[in-house]
1. Within segment B:121-133, can one find any residue that is surrounded by fewer than 23 Cβ atoms within 10 Å (Cβ to Cβ), farther than 30 Å from A:L332 by Cβ, touching a Ser or Thr at 6+ places or on another chain (Cβ under 9 Å) and more than 7 Å from chain A (Cβ to nearest Cβ)?
2. Among the residues of segment A:97-108, how many are within 8 Å of chain B (Cβ to nearest Cβ) and either touching a residue at least 12 places away in the same chain (Cβ under 8 Å) or aromatic (F, W, Y) (or both)?
3. Which residues, counting only those in segment A:211-251, are polar (S, T, N, Q) and not in a helix (DSSP H, G or I)?
4. Which of the residues belonging to segment A:46-73 are at the interface with chain B (Cβ under 7 Å from one of its Cβ atoms) and in contact with a strand residue (DSSP E or B) (Cβ under 9 Å, 6 or more places away or on another chain)?
5. Pairs needed: first member in segment B:85-102, among the β-branched types (V, I, T); second member anywhere, in a helix (DSSP H, G or I); C-beta distance under 6 Å; at least 6 residues apart or different chains.
6. Working carefully through the options B:F103, B:F115, find the one that is surrounded by fewer than 24 Cβ atoms within 10 Å (Cβ to Cβ) and facing chain A (nearest Cβ under 7 Å).
7. Does B:K367 satisfy being more than 14 Å from chain A (Cβ to nearest Cβ) and under 30 Å from A:D146 (Cβ atoms)?
8. Going by the conditions given, is A:S290 touching a helix residue (DSSP H, G or I) at 6+ places or on another chain (Cβ under 9 Å), within 12 Å of another protein chain (Cβ to nearest Cβ) and either crowded, with 16+ Cβ neighbours inside 10 Å or within 30 Å of B:F91 (Cα to Cα) (or both)?
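The values are calculated or read from the model by the stated rules, or taken from the named source; none is laboratory data. Every value quoted in this text rests on a predicted model; they were computed, and no experiment measured them. Positions of Cβ are generated from backbone atoms using ideal geometry, with glycine treated the same way; all protein chains shown enter the neighbour counts.
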Amino acid sequence: MDLNTIWFILVTILFIGFFFLEGFDYGVGILMPFLSKEDNERRAVINTIGPHWDGNEVWMITAGGALFAAFPHVYATLFSGFYLALVLMLAALILRGLAFEYRSLRDDPVWRNRWDWAIFTGSLVPALLWGVTVGNLMRGFAIDADMNYWGGLFPLLNTYSLLAGFVFVALFTAHGANFLALKLEGDLAERAKKFGFQAWIVATVLAVLFLIWTFFETNIMAQGLIPALLAAVALLLAGWYAKSGKDGLAFIMTSLTIVFTTIMVFAGLFPRILISSIDAAYTLNIYNASASPYSLKVMTIVAAIFVPVVLVYQIWTYKVFSGRIKADPETLIY
Amino acid sequence: MNPLSLARWQFAVVTIYHFFYVPLTLGLAIFIAIIETKYVRTGDEMYKKMAKFWGKIFLINFAIGVVTGIVQEFQFGMNWSEYSRFMGDIFGAPLAIEALLAFYMESTFIGLWVFGWDKLTKKQHLAAAWMVAIGSNLSALWILIANSFMQNPVGYTIDPETGRVLMSDFAALVFNPNVMIQFPHVLTSGVALAGFVVMAFSAWHLLRKHEVTFFLRSFRMAAFYALVGSVLVGTIGHFQGQYLVEQQPMKMAVSEAHWNTEDPASLSLFTIGNWEQTEDVFSIRIPALLSFMTYNRPYGEIKGINELQEEFEQTYGPGDYVPPVALNYWSFRTMIGAGGAMILLAFLGVLWSKDGKFDGKKELYLKAMVYAAALPYLAVSTGWILTETGRWPWIVYGLQKIEDAVSPNVPAWNVAFSLAIMTVIYTIFTIVAYKLAIKYGTGEIEVSH
C-alpha cells in the first residue's frame, strides 16, 4: 500500500471520528431546546457533552488539517469552491462554541434563551451543510482543468445534496437522542428517546430515498455497496433496539450507521477525492492532488505516534465523565 | 474593491481579532497551572480559589480564541487557494501537527479541568492544568513554524514541473532560525500580557479594599510574572531586530523609516516621510544609534529602503517592493513604547506590592494599572501588523507574492459578504466577552457557577 492510500484511509478515519463524535454533539444541540424549557434540565442536556464537545470538534479541524497536509489541492479546491457554505458554517460554529461556554455566565432567562437558540442553529447548520457537502462529493461538481470550481453556492444546493443534508440532520438527531438516553435520567431521558424515535423514522425514510437515488445519480455504489448495506442494516437495528428499550445497543447501531455511511462515501470515491462533473480527467485523486512523498512520509510518522495517544486520552476523558447526569441544581456544574 | 484587497482586509480583521485572545490563553494557562501547583504543594485553599477565579477569565477568553481559530485554519483554503496549492507541501504539515498534537490536547484537557474538580484527584487535576498550558503553547509553536517559513523559507526545493514548493528537510523547517526567535517572543509576550490582565483586575479590587489578601497575592504573583515576561520579550525582540536586518532587511528599514544606506546609520525618533516613501519631510534622528542597536558597535552599514528597492528590482524584476512605511514605522514604535512602559510598570508592581500598602502615589499607580492592560494588547497587535505587512509584497518571502496567492474563483461579493459577517460577529462577541470578563473579573471571588 502506498503512502497516498494510507493517507486516504487516515482522512477517512478522521471523518469517521468527526461524524461519529460531532454527530451526537450536533444531535444533542438540535434536540436541546425541545426537550425542556426548564433551565436545570437544559443545563443537564448541555453537560452531557460539556466536557467533550471541544475535543470532538478537533476531529473536524484535524480532518481539515490532514486534507491540507496530505492533499493540498483537495483542501484548496474544496474550501475555495464551497466558500459561502463554509462562511455560514464557520459563523454557526462560532455561535455554538461560544454558546456552550457563555450561556451560564448570566443568570438571565433572555440571555440563556438566546444562547439556547444559538446552540440549536449552531448544531443544525453544520450538520446540514456537511451533509450537503458530502452529497456534492458523491455526485461530483464542476471542477475545471485548473482544479477550480467557479459555480458558487447555488449549484451546490441541488436536490440530491440537500437530501443528503437532511439525512445527516435526521441521523445525527437520532444519534444524539440515543446518546442522551444513556447520559440522562428519568423523564428527560424518556423525552429524548421519544424525539429520537421520531428522528429515526425520518432518518430511515430519507436514507432509503437517498440510497436509491445514489444508485442512479452516482457511481459510489460500485465500490461502496457493502458498507451501504451494512449502514442500512445498522440503521434498522437502531430503531428496533430503541423501541425495545436497549439504549446502549441503539446508540451503538446509530454509531455504526454513521461509520458505515462514511466508509461508503470514501470507499465509493477511492481513489478519487473530488469528482469533476465536467471531465473525468479533471478529477482530483489521491495522486494528482497529493503532497510530495517526503512530506507524506513525515506526516505518516507523526500520525502513527500521536493518533493513538489522542485516542487514549480522549477515551479516558469519557471514562472520567461516565455515568448519568441529574438535572439537579446541587450537582450540576455550570 | 477587488477580491484581493477584500481578502487581505479579511485576513487582517480575523487574524488581529484572533490574536486578541491567543496571548492571554498562552500566558494565563501557565499562570493558572503555577497557582494550582502551589495549591497542590501547600494545600492552601486560597490558591484553589485563585485558580478558579482566574480560570473563569481564562475560559471566557479561551472559548472565543478557539472558535475564531477555526476560521484561521479554514481561510487559507477559502481565500488563499493558490497559496494553499503552492505551499501545501510545507504549510499543511505543521498545521495538521498543530491540530493533532496541540488542539486535541488543550481542548480535551480543558474539559477535564472545568468539569473535573470533583472527579479527579488533586494531582490529576493539576496535570490537566499543565496539559492545557503545554497544549496551547505547543499550538503557538507549530503555527509559528508554519509562519516562519513565510518569513524565512528553509528546507525546501522548487518542483521543476509545477513551480511549487516541496518539503525537503522537515528538521530544517522545525528548527528554522526564525522559529527560535519568534516563538520565545510570542510565548513571553503572552506571559507579560497575562500578568498585566491579572494585575488590572487585582488593582481594581485593591483600590476598593475588596478581598485584599486574595488580590494582593494575585497582584504580586502577576507583577513578577509580567516583569519576567516583559523583560524577556524586550530582550528577545532586540535580537529579533538584529536578525531581521540580515534576514528581511526591507522590513527593518521600513520599520525605522531608514531611507538610504548609511554607515554609521542613525536611529529615527520621530519621522514624517513623503507620500512616495522615499525620503524625510521631517525627522529627528540620533546619529549612529541604529548601527549600534544592530551590531553592538557605533558603526556598520545598514541598507536603506531606496537601495533595497533597487536590489529587489534587480533580483525579482521591476515592481514596488516597499511595504507601507508609515504603518510599519508607527507600529514598531507603538510596540516598543508599550513594551518599555510595561517593563517599568511591572517593575514598580514588584517593588510596591511588597508591603501591600498602596497609598499616595502608589494609589495613583494602582489606578493606572487598571488601564495598563491595554498596553500589551496594543503591543501584540502592532507586532503582528509589523510582522505581516512588513513582508509586503511577499506572502512567502522571495517565493510568492500576495497577489498570486488569492483564490481566483471566489468573487468579490463573496469576500465582501464574509468580511461583513465576520467583522460584525467578531465585534459583537468581542464586546460580549469583554463585558463578561469585566463582570467576573470585578465580581466576587467565589461564585456558585
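1. No, segment B:121-133 contains no residue that is surrounded by fewer than 23 Cβ atoms within 10 Å (Cβ to Cβ), farther than 30 Å from A:L332 by Cβ, touching a Ser or Thr at 6+ places or on another chain (Cβ under 9 Å) and more than 7 Å from chain A (Cβ to nearest Cβ).
2. Number of matching residues: 5.
3. Scanning segment A:211-251 gives A:T218, A:N219, A:S244.
4. Across segment A:46-73, the qualifying residue is only A:H73.
5. From segment B:85-102, the pairs are B:I90/B:F149; B:I97/A:V302; B:I97/B:W142.
6. Criteria check complete, one pass: B:F115.
7. So B:K367 fails the test.
8. yes
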